[in-house]
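To keep things clear, I will list the structure first and then write my remarks on it.
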Amino acid sequence: MVVLSNRRCGAADTAAWALISIAMRASYAAPARLVPGAVGLEVLDTDRGDYEILPGLSLAVTVEDGCLWVQLTGQERFPAVATSATRFVVRAVDAELRFGRDERGAARVTVRQHGRELTGRKRGPNAVR
């Protein structure tokens, strides 16, 4: 079995493993169905900005036509689907974003992808409440 993709992301790997599991009659649990949540523009505007994940690596969060878009340094820009007011899923790269604030009130985002979790702090004038 061969799965081809012209993207560097985990979606092709995820699909390949799922197909192999099904073909080999191994146990396979279908992914949970994503149910988009209705999130107002005021929530999206709060999340908008640049988040430093690591030195030299940041996540740009923008809003366009009522949709949240994310772009990691040097990567493509992808839409993020809201599942709640603080949780978004980026289907194209099989990632989850959780927005919130730390104990000092500083805005942060936690990115979970392929079993790894990285947290970044928002940069700019409205990063701290």
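The values are calculated or read from the model by the stated rules, or taken from the named source; none is laboratory data. Remember, it's a predicted structure, so these values are computed and weren't measured experimentally. Cβ sites come from the backbone with ideal geometry, for glycine too, and all protein chains shown count toward neighbours.
Worth pointing out:
- Any hit, the stretch 83-104, residues being in a strand (DSSP E or B), at pLDDT below 90 and surrounded by fewer than 17 Cβ atoms within 10 Å (Cβ to Cβ): no
- In the stretch 93-116, the residues that are within 9 Å of the chain's Cα centre (by Cα) and not polar (S, T, N, Q): Val93, Asp94, Ala95, Glu96, Leu97, Arg98, Val111, Arg112
- Taken over the stretch 73-91, the residue count meeting the criterion of being of a type in the set (Phe, Trp, Tyr) and over 16 Å from Arg108 (Cβ atoms) is 1.
- Residues of the stretch 108-118 classified as at pLDDT below 95 and among the polar types (S, T, N, Q), total: 1
- Filter pass, Ala107 being touching a strand residue (DSSP E or B) at 6+ places or on another chain (Cβ under 6 Å) and part of a helix (DSSP H, G or I): no
- A residue that is in a loop (DSSP other than H, G, I, E, B), within 27 Å of Leu4 (Cα to Cα) and in contact with a Ser or Thr (Cβ under 8 Å, 6 or more places away or on another chain) occurs nowhere in the stretch 42-54.
- Ile20 satisfies every condition listed in (1) more than 14 Å from the chain's Cα centre (by Cα); (2) at pLDDT 70 or above; (3) within 15 Å of Ala95 (Cα to Cα) except (3).
- Residues (closer than 15 Å to Leu41 by Cβ and without any contact (Cβ under 8 Å) to a residue 12 or more places away in the chain) located in the stretch 62-115: Glu64, Asp65, Trp69
- Applying the condition of being among the hydrophobic types (A, V, I, L, M, F, W, C) and under 20 Å from Gly115 (Cα atoms) to the stretch 23-51 and asking which residue is modelled with the highest pLDDT yields Ala29.
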